[in-house]
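Reading through the structure tokens given below for one structure.
The values are calculated or read from the model by the stated rules, or taken from the named source; none is laboratory data. Note that the structure is predicted; figures quoted are calculated from it, not measured. In this analysis, Cβ positions are derived from the backbone assuming ideal geometry, glycine residues included, and neighbour counts consider all displayed protein chains. Side chains included, ligands, DNA and RNA excluded: accessible areas come from the protein's heavy atoms. Shrake-Rupley method; radii C 1.70, N 1.55, O 1.52, S 1.80 Å.
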Amino acid sequence: MDEHKVVIQQLKNVPNFLSIDILRLDLLHSIISGNKWYKLRPNIEAAKKAKIFTILTFGGAFSNHLIATAAAATQFGLQSVGVVRGLDAETTLNPTLEACKHYGMKLHFVSREDYRKKESHEFLMNLQNLYGKAFIIPEGGANENGRLGAEDIGKLIPHSYSHVCVSVGSGTSAVGILRQLSLEQQLLGFAPMKRGKYLESVISQHLLPKFLPNFQLFDQWHFGGFGHWKPELLDFMNRFYLFETIPLDMVYTAKMMFGVFDLIQQNYFPKKAKILCVHTGGLQGNTSIRSFLCY
Ligand SMILES: *Cc1c(COP(=O)(O)O)cnc(C)c1O
């Protein structure tokens with residue numbers, strides 16, 4: 001991971017009454033990209049400390065977390081097992097799962113119904129009977145190690161920004177970042193799925209009450225649901241790339257940036273707002289729409 005490659009880049013094409021900068025976590029690594037590395041690092045350290053040499057984790061068939069775990073585990077000399085949601089994903093492996101396999105991850109497919117049991121003791125014991133003792137990381141790296149690791153993202157953000165924007169999946173990154181902001185800074189979370197509002201309470205659970213007034217969650221820019229898109233989203237991604245030479249991913253960061261520009265249109269931000277958007281990576285998720293993109 002090339003942490004020195006992470007830069008803060010100023011956007012050129014924004015109204016002149018405010019500024020938008022992008023924290024380019026996508027430049028860390030092509031696969032272990034963005035926020036995933038920060039959430040994985042303390043988990044990998046904890047596994048090694050406990051002398052457990054297999055990481056077992058969970059995700060959907062297009063999961064950035066699964067592929068990042070597979071690549072990071074190999075890099076740090078650990079084995080990995082990925083429990084994949086949906087038996088249909090097994091028939092023909094998509095490029096994400098193909099890459100997981102390439103990094104040595106053992107894939108274990110379960111039905112959507114069984115996947116819901118993924119936190120039960122019995123389910124986890126059965127998996128360890130199959131694959132050996134494992135260090136278990138929840139879906140999305142959503143444990144205290146993950147939140148602690150995400151605090152390192154927050155530490156990269158100067159207190160001069162008035163608003164910090166981040167895409168929200170499990171909310172782990174948002175929690176870590178908010179814990180490191182000052183009480184004068186606002187964190188805006190953008191959920192890329194339908195009915196993402198529930199994440200507000202998920203995130204709040206892990207925060208000291210003093211941070212709650214500084215946090216707001218938006219869920220209206222889902223474009224049909226998680227992993228779904230509409231032509232106007234792809235148009236936006238292409239225009240954003242042409243103006244800024246920054247590639248966005250279709251699942252998370254494009255929906256966040258679209259939302260940020262919508263909020264500007266709605267006069268949500270005060271004059272002189274200094275906005276920082278976190279580019280959480282995830283560019284591997286563009287494989288299925290590559291032919292529609294100019295990058
Ligand atoms: C996983 C992911 C997120 C969501 O992060 P959480 O910490 O789970 O909220 C956001 N952006 C990208 C690109 C991701 O891959």
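Applying the selection to segment 9-52, what residues are touching a Gly at 6+ places or on another chain (Cβ under 8 Å), open to solvent by 10 Å² or more (accessible area, probe 1.4 Å) and over 30 Å from Asp88 (Cβ atoms)?
Residues satisfying the conditions are Arg41, Pro42.
Output the residues belonging to segment 101-110 that are of a type outside the set (Ser, Thr, Tyr) and either open to solvent by 50 Å² or more (accessible area, probe 1.4 Å) or in contact with a Lys or Arg (Cβ under 6 Å, 6 or more places away or on another chain) (or both).
Those that are of a type outside the set (Ser, Thr, Tyr) and either open to solvent by 50 Å² or more (accessible area, probe 1.4 Å) or in contact with a Lys or Arg (Cβ under 6 Å, 6 or more places away or on another chain) (or both): Lys101, His102, Lys106.
Please go through (1) at pLDDT 95 or above; (2) of a type in the set (Gly, Ala, Ser); (3) part of a loop (DSSP other than H, G, I, E, B) for Ser30 and return the number of the only condition it doesn't satisfy.
(1)
Within segment 61-98, track down each residue that is open to solvent by less than 20 Å² (accessible area, probe 1.4 Å), hydroxyl-bearing (Ser, Thr, Tyr) and more than 13 Å from the ligand (Cβ to nearest atom).
Passing the criteria: only Ser80.
Can you work out which of the residues in segment 33-60 that are touching a residue at least 12 places away in the same chain (Cβ under 8 Å) and in a loop (DSSP other than H, G, I, E, B) is farthest from the ligand (Cβ to nearest atom)?
Applying the filter and picking the extreme gives Phe53.
Considering segment 138-176 alone, what residues qualify as being of a type in the set (Lys, Arg) and more than 10 Å from the ligand (Cβ to nearest atom)?
Lys155
Which members of segment 132-144 meet the condition of being open to solvent by less than 80 Å² (accessible area, probe 1.4 Å) and not in a loop (DSSP other than H, G, I, E, B)?
Phe135, Ile136, Glu139, Gly140, Gly141
Considering only residues that are away from the ligand (no atom under 16 Å from the Cβ) and closer than 22 Å to Ala68 by Cα, which ones fall in segment 255-294?
Residue satisfying the conditions is Arg290 alone.
Scan (1) within 16 Å of the ligand (Cβ to nearest atom); (2) free of Cβ contacts under 8 Å to residues at least 12 places away in the same chain for the single condition Tyr252 breaks and write down its number.
That leaves (2) as the condition not met.
Out of everything in segment 152-177 that is under 20 Å from Pro270 (Cβ atoms) and not in a loop (DSSP other than H, G, I, E, B), what residue ends up being nearest to the chain's Cα centre (by Cα)?
Ranking the candidates gives Val166 first.
Restricted to segment 80-131, and to residues that are assigned to a helix (DSSP H, G or I) and in contact with a Phe, Trp or Tyr (Cβ under 7 Å, 6 or more places away or on another chain), which residue is nearest to Leu283 (Cα to Cα)?
Here the residue is Thr96.
If you go through segment 198-233, how many residues are under 17 Å from Leu263 (Cα atoms), open to solvent by 60 Å² or more (accessible area, probe 1.4 Å) and in a helix (DSSP H, G or I)?
Residues flagged as under 17 Å from Leu263 (Cα atoms), open to solvent by 60 Å² or more (accessible area, probe 1.4 Å) and in a helix (DSSP H, G or I) within segment 198-233 amount to 1.
Residues in segment 185-197: is at least one open to solvent by 70 Å² or more (accessible area, probe 1.4 Å), more than 14 Å from the chain's Cα centre (by Cα) and on the phi > 0 side of the Ramachandran plot?
Yes, because at least one residue in segment 185-197 is open to solvent by 70 Å² or more (accessible area, probe 1.4 Å), more than 14 Å from the chain's Cα centre (by Cα) and on the phi > 0 side of the Ramachandran plot.
One residue is enough: does segment 8-17 have a residue meeting the conditions away from the ligand (no atom under 16 Å from the Cβ) and under 21 Å from the mean Cα position of the chain (by Cα)?
Yes, because at least one residue in segment 8-17 is away from the ligand (no atom under 16 Å from the Cβ) and under 21 Å from the mean Cα position of the chain (by Cα).
State which residue is farthest from the ligand (Cβ to nearest atom) when the search covers only segment 178-197 and only residues that are assigned to a helix (DSSP H, G or I) and under 16 Å from Gly259 (Cα atoms).
Lys197
Collect the residues in segment 111-131 that are open to solvent by 50 Å² or more (accessible area, probe 1.4 Å) and either more than 18 Å from Asp88 (Cβ to Cβ) or at pLDDT below 95 (or both), keeping them in residue-number order.
Matches in segment 111-131: Lys117, Glu119, His121, Glu122, Met125, Asn126, Asn129, Leu130, Tyr131.
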